[in-house]
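What follows is a single structure, written as structure tokens, with notes after it.
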Amino acid sequence: MECNGVPIDDTFAEGFPIWISRVIITAVTEEYARVAAVEATGFATSAIGCPCEAGIEGTLSGDMTPDGRPGVSILICASKKKVKEQVLERIAECVLTAATTSVFDGLPDAEERFDIKMHFFGDKFEEKCVVGGRNCWKIPIMEGDYIGEEEFGMVKGVAGGNFFVMAENQMAALVGARAASDAIARVDGTITSFSGGIVASGSKVGAKNYKFPIPATTNEQYCPTLKEKVPDSKIPDGVSSVYEIVINGLTEERIKAAMKAGIKAAVMVPGVRFISAGNYEGKLGPYQFKLADLF
């Protein structure tokens, strides 16, 4: 099949379960909230080598936050055992320390819940308070008071939704990937955790040519410069550059919506020649997002 004249591969993206917590960061301006959100989602591109996967979900106006201030929502994704420690560490090190910030639970209706005990930073000078009907702690800090919730919800979501943007040259591929990432940013309940929402170095599990263990190595089937060197290259004729878009989401439906929005945006870019997706033949996870079914 084709979308805007660009062929869509008859394949699927393979997703797997992951636990997700949503954190709402507010501040005196959206800029200050976003600065803290960027720090809090750092070193969180892939669970292959990072302690979690995390990214900015979206911006929130004052009428959408408990304290009436502008905010940014982030999703922190990890195994069930790691979610609590990652939420705690990222709030404690990156948000508590940021100017004018407060933190609130973004999944108040989630059945699975955990506490992070941030108030101990107050060294017994902390006080309980209520903000927007939420039970919070007020911790005295140098700029005034830090205010935030300590109980957060988490839900079982999906990681690994993906597709490849293949183009005739690097700039066309990059512009197409950026268009896709920007479109996905408007889909609530999803994140693209890699830098700028774009993956330049797609990987495969393990290594073929080294005897010692490596968790991930380059995916040679999708490297254009190796097209004539590997027998199973998946680079179509006329393609010289590929970028991958990887998506995590709260539900399968949101992953599908994000993939569709991203692909529709990418194929509008001149020079984008082909759209495909990565999978491990169904061996990685139970979710299969068939590209043809998206349309």
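The values are calculated or read from the model by the stated rules, or taken from the named source; none is laboratory data. Note that the structure is a prediction, hence the values are computed from the model and not measured. Cβ coordinates were reconstructed from backbone atoms using ideal geometry, including for glycine residues, and neighbour counts include every protein chain displayed.
I'd like the full set of residues that are part of a loop (DSSP other than H, G, I, E, B), hydrophobic (A, V, I, L, M, F, W, C) and either at positive phi or within 18 Å of the chain's Cα centre (by Cα) (or both), limited to the range 244-295. Passing the criteria: L250, A277. Filtered by the rule that a residue be of a type outside the set (V, I, T), surrounded by 11 or more Cβ atoms within 10 Å (Cβ to Cβ) and part of a strand (DSSP E or B), the range 117-135 gives E127, C129, R134, N135. Filtering V95, V35, V87, V28 for residues that are of a type in the set (V, I, T), closer than 21 Å to G196 by Cβ and either modelled with pLDDT of 95 or more or crowded, with 19+ Cβ neighbours inside 10 Å (or both) leaves a single hit, V35. Screening the candidates V199, V165, V187, V175 for the property of being out of contact with any strand residue (DSSP E or B) (no Cβ under 6 Å at 6 or more places or on another chain) and closer than 13 Å to V242 by Cα yields one hit, V175. Quick check on A47: is it farther than 22 Å from F120 by Cα, touching a strand residue (DSSP E or B) at 6+ places or on another chain (Cβ under 8 Å) and not charged (D, E, K, R)? Against the criterion (farther than 22 Å from F120 by Cα, touching a strand residue (DSSP E or B) at 6+ places or on another chain (Cβ under 8 Å) and not charged (D, E, K, R)), A47 qualifies.
Just to verify a result, which residue in the range 52-69, among those that are out of contact with any Leu (no Cβ under 7 Å at 6 or more places or on another chain) and touching a residue at least 40 places away in the same chain (Cβ under 8 Å), is surrounded by the fewest Cβ atoms within 10 Å (Cβ to Cβ)? The qualifying residue surrounded by the fewest Cβ atoms within 10 Å (Cβ to Cβ) is G68. Against the definition (surrounded by fewer than 19 Cβ atoms within 10 Å (Cβ to Cβ), over 25 Å from G49 (Cβ atoms) and not charged (D, E, K, R)), how does P236 come out, yes or no? Criteria met by P236. Scanning the range 205-228 for residues that are farther than 12 Å from I48 by Cβ, surrounded by 11 or more Cβ atoms within 10 Å (Cβ to Cβ) and not hydroxyl-bearing (S, T, Y) turns up A207, N219, E220, Q221, C223, P224, L226, K227.
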